[in-house]
Amino acid sequence: MLLSEVWEKYQLDKKIEGYSALTLKTYCFQYNLLLRFFGDIDMGEFTTEKLKSYLIEAGEHLNASSLGHRVSCIRSLFKWAYDEGVISKNSAAKLKEPKLGKRIPKFLSELEIEHLREACHNTMENVIFEFIYSTGCRIGEVEKLLYEFRYCTWKRR
């Protein structure tokens, strides 16, 4: 089966599993890079060595976390194809993600926090900012919460 055919089935399966649109978009980007490098070849033609050469070439201009993400996406696609019986051998099973150095968390100074508070135009913005700041939630998580709150509030009326 061709890479493009496998991708279509993989993508549909992941949508059903509930992967977020952003995750699927990111995986699609990685798939397009893989397709551009290898062409639309049969999945059985992939070998661990071919995938490693692809990653080595890509790794020349990527930082470790970006390369690790690429490896993760490839492994996910190939594991799915293997589990579904599309390929008889998972060529990506032995691919390892690069080691990442420890990152020091970035934080805002008190002055930056005050500037953000002052930039809020209304009470709702201020409440959302304080919620994000005090809980450490990501913006996407807050967006989901707001959607759920609006949807549930509307449903109860």
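Worth pointing out:
- Residue in the range 112-129 that is within 30 Å of ILE74 (Cα to Cα), in a helix (DSSP H, G or I), touching a helix residue (DSSP H, G or I) at 6+ places or on another chain (Cβ under 8 Å) and without any contact (Cβ under 8 Å) to a residue 12 or more places away in the chain present: no
- In the range 33-50, the residues that are on the phi < 0 side of the Ramachandran plot form Cβ pairs under 7 Å with partners that are aromatic (Phe, Trp, Tyr) and assigned to a helix (DSSP H, G or I), at six or more places apart or across chains, as follows: PHE37/TYR54.
- Index of the failed condition, ILE132 passing every other in (1) more than 22 Å from VAL6 (Cβ to Cβ); (2) under 22 Å from the mean Cα position of the chain (by Cα); (3) among the hydrophobic types (A, V, I, L, M, F, W, C); (4) surrounded by fewer than 15 Cβ atoms within 10 Å (Cβ to Cβ): (4)
- Breaking point among (1) in a helix (DSSP H, G or I); (2) closer than 20 Å to PHE37 by Cβ; (3) of a type in the set (Gly, Ala, Ser), for SER91: (1)
- When ASP13 is tested against the conditions (1) touching a residue at least 12 places away in the same chain (Cβ under 8 Å); (2) part of a helix (DSSP H, G or I); (3) of a type in the set (Asp, Glu); (4) surrounded by fewer than 12 Cβ atoms within 10 Å (Cβ to Cβ), the lone failure is (4).
- Residue satisfying condition, being part of a loop (DSSP other than H, G, I, E, B) and more than 30 Å from THR47 (Cα to Cα), within set LEU108, LEU146, LEU100: LEU108
Laboratory data are not the source of any read-out in this text; all were calculated from the coordinates shown. Computed from a predicted model, the values in this text were never measured in an experiment. Note that each Cβ is placed from the backbone with ideal geometry, even for glycine, and that neighbours are counted across all protein chains shown.
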